[in-house]
1. Residues being under 13 Å from B:VAL113 (Cβ atoms) and either of a type in the set (A, V, I, L, M, F, W, C) or over 13 Å from the mean Cα position of the chain (by Cα) (or both): count how many of those fall in region B:330-354.
2. Mind checking which residues of region B:123-174 are among the basic types (Lys, Arg) and touching a residue at least 12 places away in the same chain (Cβ under 8 Å)?
3. Go through (1) outside any helix (DSSP H, G or I); (2) within 7 Å of chain B (Cβ to nearest Cβ) for A:GLY484 and report which single condition fails.
4. Which number in (1) buried (at least 19 other Cβ atoms within 10 Å of the Cβ); (2) at pLDDT below 90; (3) outside any loop (DSSP other than H, G, I, E, B) marks the one condition that A:GLN175 misses?
5. Hey, among the residues in region A:292-324 that are in contact with a Gly (Cβ under 7 Å, 6 or more places away or on another chain) and polar (S, T, N, Q), which one's nearest to A:ARG363 (Cα to Cα)?
6. Taking the condition assigned to a strand (DSSP E or B) and either more than 7 Å from every other protein chain (Cβ to nearest Cβ) or among the polar types (S, T, N, Q) (or both), does B:MET164 pass?
7. Using the structure shown, decide if A:ALA531 is of a type in the set (Gly, Ala, Ser) and touching a Pro at 6+ places or on another chain (Cβ under 9 Å).
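The values are calculated or read from the model by the stated rules, or taken from the named source; none is laboratory data. Computed from a predicted model, the values in this text were never measured in an experiment. As a convention, Cβ positions derive from the backbone with ideal geometry for all residues, glycine included, and neighbour counts pool all protein chains shown.
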Amino acid sequence: MRFSLSWLNDHLVTKASLQNILDLMLKAGLEVEEVIDPREKLAPFTVCKVIEAKPHPDADKLRVCTVETIDGTKQIVCGAPNARTGMTAIYAPLGTFIPGLDFALDKKPRAIRGIESHGMMCSSRELETGDDHDGIIDLQGDFKVGTPAAEALGQTDPVIDFEVTPNRPDWLGVQGIARDLAAAGAGRFLRNDPKKINGSYDCPVDIKLEAAEACPMFAGALIRGVTNGPSPDWMQARLKAAGLQPKSLLVDVTNYISLDRARPLHVYDAAKLSGAVVARLGKAGEKLEALDGKTYPVTEDMCVIADSSGVIGLGGVMGGVSTAVSAETTDVFIESAWFDPLRTARTGRATGIHSDARYRFERGVDPQSCVDGLNLAIALILEYGGGQVSKAKIAGSIPIRTKKVTFYPVDVERLTGLIVKPAEMKRILKDLEFDIEDAGDAWYLMPPSHRFDMEQSADIVEEIARLIGFDQLPTTSLPLPEGGRRVITTPRQARVAISRRVMAARGFLEAVTWSFMAREHAELFGKTEDALGVANPVASELNYMRPSALGNLAQAAQRARNRGERTVRLFEAGPIYLGDGPKDQRTVVAGLVLPAAERHWQGRAAPYDAYAAKADLFALLAALGQPGDRFQVAAPTQPHWHPGQAASLKLGPKMTVANFGALHPGVLKALDVEGPVYAFELNLNALPVMKVKATKTRPVLERAELTPIRRDLAFLVDAGVAAGEIVRHAQSAEKQLITCVDVFDVYQGQGVAEGKKSVAIEVTLQPKEALKDEQIQQVMERIVASVAKGTGGVLRG
Amino acid sequence: MSDITAIEQEALAAIAAAGDLAALDAVRVAELGKKGRVSGLMGALGKMSPEERKAQGPLLNTLKTRVDEAIRVRKAALEAAELEARLVTERVDLTLPPAPGPGEGALHPVMQVFEEIAAIFGDMGFTVAEGPDIEDDWHNFTALNFPLGHPARETHDTFFMKAMEGDTPKVLRTHTSPVQVRTMMEEKPPIRILVPGRVYRNDWDATHTPMFHQVEGLVIEKGIHMGHLKGCLIDFVKAFFEVDTVVSRFRPHFFPFTEPSAEMDVKYSRKGDAIEIGEGDRWMEILGCGMVHPNVLRNCGIDPDVHQGFAFGMGVDRLAMLKYGMPDLRPYFEADPQWTRHYGFSPWLTPSVSGGLS
């Protein structure tokens, strides 16, 4: 909202400077966004006198003027038709920025058709002080050369643009701001209650309230014989400063009161009304052509104003075209009503209308302003438009608040640490127009009718604290909690931190990608459900909560490739969504590599493949204290993996910890990614959390005294047998002695029958006491038997 | 006597003349081998008379020792020369690149700043709490004292889910504050938590992204007042921006879930493209805060007459921008390798209060 400083003086007697006012607004809680001071903007411009204006020898439309300026006598070439000898104008020296033209004059004089021009004389549009562009400003009156333009043009009133928080609808009127500024110490608040005007005749327009819950009160009056010309200059100036375009007296008066008192009104051309004016709920099928020129369907939830012709306005939101005032209007009916905030907000949302009336009614309009606002409107219309007013007609009433707020003065210090004398508290509350009943430890306060945010003691504490000033609050470092500091993260949070460092150390760049993705893409990662759709997505490709981080990463990798990156390694530690419940979110670490053929002079750069993805995943698991061989490797459990080149890691049949390997080429194609792409996604929530041991002391080291024994065994198995199975069965043959089983060769081809393969393993035994050759031989035989039983493999001769 | 001297000179000359290890070994065999000349003289000692032996013995022993020593020295010299000659042939070109490894990755600045913030507040005794991104209306709004239809709800540009909770659609949390509610409902005071997380608002332009990051703080303890809030946040801002002086101010503001409510501004100056936080001629808003509203405490089953405390919330993306100078928010979520390498952090940099934040 914007208002000009002089407007404030209607309601505030103050000696404060502009800067003081701004500081006090800030102190009170009004966030100033911008101050537009025309004196600053017009600072380079001053009054000048044209001593002589001669025609330009080479151009009919130009004049060569000799001008007396603050910088001495200057020759200025001017194209304005009104430039003439003896006129008083506004001078811009060379180099000046001309706001209306959005450029600066050259610093050196420029020749115009051969004659040098040393500056410029400006039109009101060039100074942005008006719309006149037909000629330069022709000042009437006696101004000395060098007088600042702002002063000569009467543009000395700074405009303050500020933000009003939703709890303070009373600040949507200049009067409300003045009240708080007075309480903050700016000066004395002037109440300016409008005088009650006694009409000479009964209001002929009947008012009926048929939906008291939507519109409990409606005050109206008729004025006959009005002239609806332009509103007075001072009112137009204030409206313009506030950003509104003046229209006509009747419309301007309603807008003015809305800005001055936060009281929306509406005016009807009484000649266009038929029958009683009724505030009721809408009916299905009704429509309104509103003042913005659009036609809105009416619903049964809306509060409408109607007459016998049908709907003529949406209560508290916008009036209709059929009864609008115009230049011909002579009889005007004024509406000053009160509309339910929640219903007004719903109507506003349903229609999409953002009007000043809606903005105020949905936040809350002072109920007492119903009659006051009507009286103020009548007074202004009679003064500037003439006419005879009827007696006011008041239908319904708004229940007056009777519940007092109990305030405990000790709460001020308890909640803020401020020590404030009771007399000072009372001074502030009185300035804010609270009614105080001091009962010692508790005060019973009646808030003024324009405040809707006062319920309890803490609310009063805020009023006192802010008007004392938050700069007065003590500054106290937070004491350490009882018992000292604690470990600040949970084990899972710590795992996120470790994971991120492991991944970055292994060459991955950390990404943070949207939690959203396109639903059609999400489908590729598993079955989607409506519940995870975003009803109002910011873009259609971001309309679903991602079931995996890999889709976004794959697309990012492709973007990087398109910009010329070779191998792209990305990872993200972030959420995925398996459902809409509070426990359905998982934290995953997803790593993804889009490999490029990397060449090396030694010729040994192995391409990144599914095994490399496995290596990265297993390194991560090891760093998290969960060595990979603790899990079973099984088929992938999600549809976005290559069925033959990907796998899952499981803890038992139901608990999947991770999937890794190559992404499905079909999925990549749908994502517009040129594969192959290798990846893994580790679900940190599925990873078991180790029990915290009672002691930090490590067990005593049991050093292996004997050297380990290593033996190689090669098995012939069916080509479909997983090497991991051979390892597993070998290991299970002798759990105490065998510390490691490694595959060191896999061979198919000459010497191995079709459909078979040879898998060679190295078995490491760690004996605790010396083993004889026969004992070692027995272990080897047990291994061979176990592998044979588990996989059908036979020892290769 | 002269015999022995001559033999020694001869042997030493042969040793010196040996050009390689094989030639040297031939000299060794010829002199000290079983049938060697010196060995032969030593063998002859047994046949001598005791007087003769007494005279010749030490002379022959000296001869043997000297020849032995000369061979050892020569052998070491020949071995060294041979090694040197071999090594020259083993020269490699170390200007060639090694086999390519994955290189070093980088951590995202937002995630790093989360950790910086957690380190600072961890030092003040806060612990980290988290909650879901998909929230119900009650946790995101109603419990936080945004009644249904409250205009403050409209300022949040909420994303609504197609999922419902009773009559109201679920939402993507618009702030991290619902975790305050979840924590207060599960734990008893004293409470000191820090809540980092993703939040969502339906707004996308130069200064807004539909997803961004917040950190929320909540302290519920007896005797905690707004002066503590001020002290805590001033301490934080100094530690975070790693400067000795931060001129700050607290302005009244409105948040439904705090009363009194404030926004914190800090002074800054612009030096070229860089922003310096702490002192200067301009103010910048950096966070919102206040004393937890009694209605919120009641909604969470805490008696506001017994317990009180404060809460604050700040935008992490913007804090990262202010500290590290990223000019634009939009690339944060594009996973562009060039951007991440430029603005990211080494994996070896773990922020801590004792070891340094950045």
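1. Here the count works out to 4.
2. Initially, region B:123-174 is screened for residues among the basic types (Lys, Arg), giving B:153, B:162, B:170, B:173.
Result: B:ARG153, B:LYS170, B:ARG173.
3. Single failed check for A:GLY484: (2).
4. (2)
5. Within region A:292-324, the match that is nearest to A:ARG363 (Cα to Cα) is A:THR299.
6. Working: assigned to a strand (DSSP E or B): yes; either more than 7 Å from every other protein chain (Cβ to nearest Cβ) or among the polar types (S, T, N, Q) (or both): yes.
Taking the combined requirement at face value, the residue satisfies it.
7. Working: of a type in the set (Gly, Ala, Ser): yes; touching a Pro at 6+ places or on another chain (Cβ under 9 Å): no.
Criteria not met by A:ALA531.
Yes/no matrix, rows are residues, columns are (1) under 15 Å from A:PRO676 (Cα atoms); (2) touching a strand residue (DSSP E or B) at 6+ places or on another chain (Cβ under 9 Å):
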site: A:LEU524; (1), (2): no, no
site: A:GLU529; (1), (2): no, yes
site: A:PRO537; (1), (2): no, yes
site: A:ASN543; (1), (2): no, yes
site: A:GLY551; (1), (2): yes, yes
site: A:VAL568; (1), (2): yes, yes
site: A:ILE576; (1), (2): no, yes
site: A:ARG599; (1), (2): no, no
